[in-house]
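The structure under discussion appears below in the form of C-alpha cells.
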Amino acid sequence: MEIINSHKITDRWMFYGIGLFIPAILSIIGGLFISTLICVIIFFCLGCPRFVTALRINGNQLEVEYVKFFLRRKVSYNIQDTVLEIRRYKDYPVKVILPGPTVISDWLHIIVNGEEVMNVDGRKGFTTTQFMSLLEAFSKAKAGCNTTIV
C-alpha cells in the first residue's frame, strides 16, 4: 500500500524560495552580505520544514519518504512499535477582527514507542481518503504481524 503526495516539491521550493529574493536584492543594492547570510541561515533552519512525498507499507515496515534541505530521505518504522493517529483540526486563517472561514485539515501523526516522531499535514497534498486507506492497510498489516508471533 502506498500513498503519494499530490503536490510537487518544485512548488514548495518556489514557495520557500521567494523569501530569499528580499535579502538577495538588499545585498545587491546595499552590500549587506552579513545580513543576507543571517537571513539565509534563519530561512534554512526555521523555514524549510520536512515535505513528505510518499508513505508506504512494505512488509512489516512503514516507510516515509520526505525532502528536507533539498535532500530526498527515507525513514522506516517497525509496524509493531508504531501507532498511527488521524486528527482533524479547525483553523481560522484570518484572526484580525472577525474570524474568517473555518479551514478543516487532517493530520496523520506517526507515534513510535509512545513518542511522536513525525506528522503529515493533510493540507500539503494528502487527502482524508488517502489517510484512511493507509490506516486500513496499516491495521491489516499490524494484525498480520501480531498473528505470526508465537
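The values are calculated or read from the model by the stated rules, or taken from the named source; none is laboratory data. Bear in mind that the values here come from a model prediction, so they are computed numbers and not experimental data. With ideal geometry, Cβ positions are generated from the backbone for all residues, glycine too; neighbour counts draw on all protein chains shown.
Taken together, the criteria place residue 41 among residues that are over 23 Å from residue 7 (Cβ atoms), loosely packed, with under 12 Cβ neighbours inside 10 Å and either at pLDDT 90 or above or of a type in the set (A, V, I, L, M) (or both).
Which residues, counting only those in region 129-150, are farther than 11 Å from residue 82 by Cα, of a type outside the set (Gly, Ala, Ser) and at pLDDT 90 or above?
First, the residues of region 129-150 that are farther than 11 Å from residue 82 by Cα: 129-137, 140-141, 143-150.
Restricting the remaining residues to those that are of a type outside the set (Gly, Ala, Ser) gives 129-132, 134-136, 140, 145-150.
Selection gives 129, 130, 131, 132, 134, 135, 136, 140.
Yes or no: region 61-82 includes at least one residue that is touching a Lys or Arg at 6+ places or on another chain (Cβ under 7 Å), part of a helix (DSSP H, G or I) and either at pLDDT below 80 or surrounded by 12 or more Cβ atoms within 10 Å (Cβ to Cβ) (or both). Yes: one or more hits.
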